[in-house]
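Student: I'd like to ask some things about the structure below.
The values are calculated or read from the model by the stated rules, or taken from the named source; none is laboratory data. No experiment lies behind these values; they were computed from the predicted model shown. Methodologically, a virtual Cβ is constructed for each residue, glycine included, from the backbone with ideal geometry; neighbour enumeration extends over all protein chains shown. Ligands, DNA and RNA are excluded from the accessible area calculation, which covers all protein heavy atoms including side chains. Shrake-Rupley method; radii C 1.70, N 1.55, O 1.52, S 1.80 Å.
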Amino acid sequence: RAPRVKDTMAASIATAAAVSVRAAGPAPRRSSARKQSSVSVSVPCSGSSSSSSSRGSVSGFRLGGGVAGGSRRGQQVACAAVDLRKIIERLCLAEDLSEQETEEALDALLDADPTQIAAFLVLMRAKGETASEMAGMARAMRARMVQVSAGDDVLDIVGTGGDDAGTVNISTGSCILAAAAGARVAKHGSRSVSSLCGSADVLEALGVAVELGPVGVAQCVKDVGMGFMYAPRYHPAMKAVAPVRKSLKVRTAFNLLGPMLNPAGSKYALVGVYTRDIQPLMADSLMKLGMKKALVVCSTVGNLSLDELTPCGPADVVEVTPAGTKAYTFYPKDVGIPECTMEDLRGGDAALNARMLMDALGGEMGPVADCLILNAGVAMAAAAQAKDVAEGIAICKEAHRSGKAGDTLREWIALSQRLYAQETAA
């Protein structure tokens, strides 16, 4: 976590953030069953019976409360009146919040003034977020998301982004290869924010129906082993935060929340982060959220840190299980992956990256294919689909060599388009 700051500095940062957001103009109007207030908001805790009913539905699907490890179902938690002014004052003093306090505060802020959202996020950043605070924010967002029922054993390979490396979409391609190798993959992603091409961008260029709804995604996972959940569709509450993040132009907790917000409630994950400094925070947050197993990785290539595994160099790994965390260094060459350079993995726009992934998944040998095999193989081991990394890589090599990866991609494209056509026609 970041060093603590003096309360006067934190207050001035928050004031500047509020002015920035206010100058950007009003946020889009949002309707809510809860009364909105600039100071105190009455918030149903995520376990209460009123929580899910107050949030309505999207396309006929209930929001909130249904993800294992997400909101605490079955608990009759009394509704709390959240004094947002007091929360902001505590953050000005660099005081940590509990997990429940953070969950309730963010839940209230999603229906409050955008200047308060800005102050909350910037003050959290200034003092340094804790794992309890990150888990609380994740639970608040999970309580409002559209859920996907794809089973308890789904895997996600995901990165925080922000490494500015300009590589091809490695995690996206690795997900498809892992699905071809036998895993059940539910990938959560969006369009580009800091890079030329996000996961939704490249999948759309490949022909996948990226805005498919929850029933269709679950069907894709069942039939071909691969589904994609487009973040804006599954997290409508993000609309309250998006204009604030855009105005702030600095990294906040929301840059780390993405891997914690999988709408299918994935309990297995390979999570890449853009710097080793945040590995412990990400790992501890995932553990609090009940992951069965996750590997939090950050690769080092010269002075560059990447949010994924690459054949270019070693990676720092933090392994997360319910029993705790374990840190170690992983060398791809130790499992037979030949070394390459960053230039070998360099991507571009959606069209270029789609061609590179289509070639690699279609059986083409080379650094991109090696990188996909590396990430997919490690993820297979993390998801208990292989006894160890060596076996996971061997399974993925065979799925690549046999052409099954390309077949899986083509089948997924066709199925997603057919299901999306049925969904939009209904």
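Student: Give me Rg over Rh for the stretch 88-157, both radii from the alpha carbons and Rh done the Kirkwood way, two decimal places.
Tutor: Rounded to two decimals, Rg over Rh is 1.06.
Student: Moving on to the next point. Assign one of three labels to the stretch 248-322, namely rounded, prolate or oblate, based on the Cα gyration tensor with a ≥ b ≥ c the square roots of its eigenvalues; rounded applies when a/c is under 1.5, prolate when it is not and a/b is larger than b/c, and oblate otherwise.
Tutor: Note, shape of the stretch 248-322 comes out oblate.
Student: Then there's this: Taking each pair of different alpha-carbon atoms in the stretch 121-194 once, compute 1/r for the pair, average those values, and report the inverse of that mean as the Kirkwood hydrodynamic radius in Å to one decimal.
Tutor: 15.1
Student: So with the 1.4 Å probe, I'd like the accessible area per residue for the stretch 238-382, rounded to whole Å².
Tutor: Accessible area per residue: 38 Å².
Student: Still on this model: Quick one: of Lys86/Lys326; Lys246/Lys293; Lys222/Lys326; Lys86/Lys249; Lys187/Lys404, which pairs are farther than 28 Å apart, Cα to Cα?
Tutor: With Cα atoms farther than 28 Å apart: Lys86/Lys326; Lys246/Lys293; Lys222/Lys326.
Student: Hey, if you drop one equal point scatterer on each alpha-carbon of the stretch 368-424 and run the Debye formula without solvent, what base-10 log of I(q)/I(0) do you get at q = 0.16, 0.25, 0.27 Å⁻¹?
Tutor: After summing over all Cα pairs, the log10 values are -0.57, -0.88, -0.95.
Student: Please say if the stretch 263-302 is rounded, prolate or oblate, where rounded means a/c under 1.5 for a ≥ b ≥ c the square roots of the C-alpha gyration tensor eigenvalues, and otherwise the choice is prolate for a/b larger than b/c and oblate otherwise?
Tutor: Since a/c reaches 1.5 and a/b is larger than b/c, the shape of the stretch 263-302 is classed as prolate.
Student: Moving on to the next point. Out of every Cα pair in the stretch 199-297, what percent are spaced more than 20 Å from each other?
Tutor: So the portion of pairs separated by more than 20 Å is 50 percent.
Student: While we're here: Normalised radius of gyration for the stretch 103-258, please: alpha carbon Rg relative to 2.2 N^0.38 Å, two decimal places.
Tutor: 1.09
Student: Another question about this same structure. Return the carbon/sulfur percentage of the accessible area of the stretch 167-265, one whole number, probe 1.4 Å, all protein chains in place.
Tutor: Here carbon and sulfur together make up 53 percent of the probe-accessible area.
Student: Mind computing the radius of gyration and Dmax over the alpha-carbon atoms of the stretch 310-415? Å is fine for both.
Tutor: Cα-based Rg and Dmax for the stretch 310-415 come out at 14.8, 43 Å.
Student: Could you give each residue of the stretch 210-224 its phi-based ³J(HN,Hα) in whole Hz, using Karplus coefficients 6.51, -1.76, 1.60 with θ = phi - 60°, and x for Gly or Pro?
Tutor: 6, 9, 5, x, x, 5, x, 4, 4, 5, 4, 4, 5, 8, 10
Student: Take peptides 102-114, 319-331 and line them up by average Cβ neighbours within 10 Å, highest first, as a rough protection proxy.
Tutor: 102-114, 319-331
Student: Quick one: with all protein chains in place, what share of the accessible area of the stretch 299-426 is carbon or sulfur, to the nearest percent (1.4 Å probe)?
Tutor: That share works out to 52 percent.
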